[in-house]
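Let me begin by presenting the structure, written as structure tokens, before commenting on it.
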Amino acid sequence: MTKSVIALDHIELTLGTGASSVHVLKGISLSINSGQSVGIVGPSGSGKSTLLMVLAGLEHVDSGSVRIAGERLEIMNEDEAAAFRGKNIGIVFQSFHLIPNMTALENVAVPLELAGNPDAFAIAERVLAAVGLADRVTHYPGELSGGEQQRVAIARALAPSPKILIADEPTGNLDTTTGRQIADLLFEKQKELGLTLVLVTHDAALAARCDREIRVRSGLIEADDDAPELAKSA
């Protein structure tokens, strides 16, 4: 039996207070199996990126259960959630979030060093080579193209050997050709490493490459294509 690695049960989340509060997630329940790739789509403001942040333990829910890799995130404090995330979840953002005064190698090694890994730089060098940047390890972000910067960000996410890779609009700041190369890299590494991949995207073609597509609208799951193989072969 395939094991569920992500399980949300009746998640409620309101952001802001008083008149400016917004009910972002409205009783969302969701289960994702280990090794599955899932694309989350929906209009701007639908709650899809907030849902991703809940999965990463970066947003604390008002109510409901958030079980990731067998652990309940909603009962963890910030330090506990950060430690759990560092071991289990890799995150790739649209805007790269690289440290500008650090080389590619140092950017990838930082989370490993913070976790106390004595082999941080050796691992970082190996992972950068695996994403096609063996000859760019000493370059700073400003010396790299957008696609190369996103490869560094992917290497940083993969370096701690996470169970889950989360990507928020990973191709959103890239041209079409580079975006396709980055998407190819994400799916290649997901298959190679047996990761669970959850990505938010406005790109219908990118979402269609996933094993499963979930559409979010107004804080609710509007549609969940849990049998995409049948749909794609029709």
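The values are calculated or read from the model by the stated rules, or taken from the named source; none is laboratory data. Everything numeric here is computed off the predicted structure, so don't read it as measured data. Reconstructed Cβ throughout: ideal geometry from the backbone, glycine too, with neighbour counts over all protein chains shown. To get the accessible areas, we keep the full protein, side chains included, count just its heavy atoms, and leave off ligands, DNA and RNA. Shrake-Rupley method; radii C 1.70, N 1.55, O 1.52, S 1.80 Å.
Okay, here's what the table says:
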item: Index of the failed condition, LEU206 passing every other in (1) surrounded by fewer than 21 Cβ atoms within 10 Å (Cβ to Cβ); (2) within 30 Å of VAL22 (Cα to Cα); result: (1)
item: Checking VAL127 against (1) within 18 Å of ASP168 (Cα to Cα); (2) open to solvent by less than 40 Å² (accessible area, probe 1.4 Å); (3) in a helix (DSSP H, G or I), the condition it does not meet; result: (1)
item: Matching residues in segment 171-212 - criterion: being in a helix (DSSP H, G or I) and of a type in the set (D, E, K, R); result: ARG180, ASP184, GLU188, LYS189, LYS191, GLU192
item: Scope segment 50-65; condition β-branched (Val, Ile, Thr) and under 11 Å from GLU12 (Cβ atoms); matching residues; result: VAL54, VAL61
item: Identity of the residue in segment 136-172, over 17 Å from PRO100 (Cα atoms) and in contact with a Lys or Arg (Cβ under 7 Å, 6 or more places away or on another chain), that ends up surrounded by the fewest Cβ atoms within 10 Å (Cβ to Cβ); result: PRO160
item: Failed item in (1) open to solvent by less than 60 Å² (accessible area, probe 1.4 Å); (2) closer than 30 Å to HIS10 by Cβ; (3) without any contact (Cβ under 8 Å) to a residue 40 or more places away in the chain, with LEU133 passing the rest; result: (2)
item: Flag if ALA19 is open to solvent by less than 50 Å² (accessible area, probe 1.4 Å), of a type in the set (A, V, I, L, M) and outside any loop (DSSP other than H, G, I, E, B); result: no
item: Strands (runs of 3 or more DSSP E) lying entirely in segment 36-123 (those with 1 or more residues that are open to solvent by 60 Å² or more (accessible area, probe 1.4 Å)); result: 63-68
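Residues are listed down the side, and each one gets a yes or a no for (1) in contact with a strand residue (DSSP E or B) (Cβ under 7 Å, 6 or more places away or on another chain); (2) closer than 22 Å to GLY194 by Cα; (3) without any contact (Cβ under 8 Å) to a residue 60 or more places away in the chain:
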{"site": "HIS23", "(1), (2), (3)": "yes, no, no"}
{"site": "SER31", "(1), (2), (3)": "yes, yes, yes"}
{"site": "ILE40", "(1), (2), (3)": "yes, yes, no"}
{"site": "LYS48", "(1), (2), (3)": "yes, no, no"}
{"site": "LEU51", "(1), (2), (3)": "yes, no, no"}
{"site": "HIS97", "(1), (2), (3)": "no, no, yes"}
{"site": "LEU105", "(1), (2), (3)": "no, no, yes"}
{"site": "ASN117", "(1), (2), (3)": "no, no, yes"}
